[in-house]
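Enquirer: Please read through the structure below; I'll follow up with questions.
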Amino acid sequence: MIILDISMQFNYHLKIILYFSILLLFSCKKKDKINHETFRGTVVNTASGLPLKNYPVYFVTYGDASKKYSTSITTRTDNNGAFIFENVEVNQSIDYSYELRVKRSETEGYSSQPSVSTINIGKNNTSNPNYQLKTLPWVYSFAVKLDQATSIIYPDSISIDIKHELWDTNDPFNYLFQTIITSRELRNGYKSYLGSQKAMGLWRMNILKIKNGITTNTLDSVFLDFETQTTYTLSF
């Protein structure tokens, strides 16, 4: 009984020692060093090279090495395309990484005017005080329709050749930035949608009409802003 008593007391004291050792270990664990940094830069339209105003920019924090977990804060550019993130918490632990990001342009990878929609940034920004992001913003939709009082009766016809003003037309993959609309798409008052993923910027139109045997050629243009819905109305 005495031996059993001693053994139980020993186990009890061992558990106490282990418990306080674990507490001491966690209490002595070094806390992650947190810096407060300011990150600034500009966002540029890939096609025109001009600054993008009022455009959303994201500062993304990854909390693990796999980059599966992230949080972000958002700001918008000013009239000069400039943005700033002030007093941002930057954890110096190797588990944390950071990015500046804008919406990705679908032209990345094949365009002669490449975008830079994501930049990995260091824990200290003193080596690069001014980041530059480049992207080609999209519009939500662009449609062409005839005026309600207009009708096209064969053999009359109309054809509209629409091209993005600044995009490189020598790019062999440039199918997204030129569209031709004919009478077939415009009959009976239907809108002809040019589809999604149309680039922001000035689109120039060459309008060819054949009416009562007379051919006329008219030039026009329309500016498409990012994340907008635009309808261009034709008369005949």
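Enquirer: Restricting attention to the range 184-198, does a residue exist that is of a type in the set (Ser, Thr, Tyr) and at pLDDT 85 or above?
Expert: no
Each row is one residue, and each column tells you yes or no for (1) acidic (Asp, Glu); (2) out of contact with any Gly (no Cβ under 8 Å at 6 or more places or on another chain); (3) closer than 22 Å to residue 140 by Cβ.
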site	(1), (2), (3)
191	no, yes, yes
208	no, yes, no
224	no, no, yes
227	yes, yes, yes
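Enquirer: With of a type in the set (Val, Ile, Thr) and modelled with pLDDT under 90 as the only criterion, which of 214, 153, 160, 207 stands out?
Expert: 153
Enquirer: Can you tell me which residue within the range 49-83, out of those that are surrounded by fewer than 18 Cβ atoms within 10 Å (Cβ to Cβ) and touching a Gly at 6+ places or on another chain (Cβ under 8 Å), is farthest from residue 139 (Cα to Cα)?
Expert: Ranking the qualifying residues of the range 49-83, first place goes to 69.
Enquirer: Continuing with the same structure: Assuming residue 65 fulfils every condition listed in (1) assigned to a loop (DSSP other than H, G, I, E, B); (2) at pLDDT 65 or above apart from one, which condition is it?
Expert: (2)
Enquirer: Next question. Checking residue 100 against (1) part of a strand (DSSP E or B); (2) modelled with pLDDT under 85; (3) within 30 Å of residue 164 (Cα to Cα), which single condition isn't satisfied?
Expert: With respect to (1) part of a strand (DSSP E or B); (2) modelled with pLDDT under 85; (3) within 30 Å of residue 164 (Cα to Cα), residue 100 is out only on (2).
Enquirer: State all residues of the range 56-73 that are hydroxyl-bearing (Ser, Thr, Tyr) and within 17 Å of residue 130 (Cα to Cα); if no residue qualifies, say none.
Expert: Residue satisfying the conditions is 58 alone.
Enquirer: Out of 133, 146, which single residue is of a type in the set (A, V, I, L, M, F, W, C), modelled with pLDDT of 75 or more and over 17 Å from residue 44 (Cα atoms)?
Expert: On inspection, the qualifying residue turns out to be 146.
The values are calculated or read from the model by the stated rules, or taken from the named source; none is laboratory data. Keep in mind the model is a prediction, meaning the values are calculated, not measured. Positions of Cβ are backbone-derived with ideal geometry, glycine not excepted, and every protein chain shown enters the neighbour counts.
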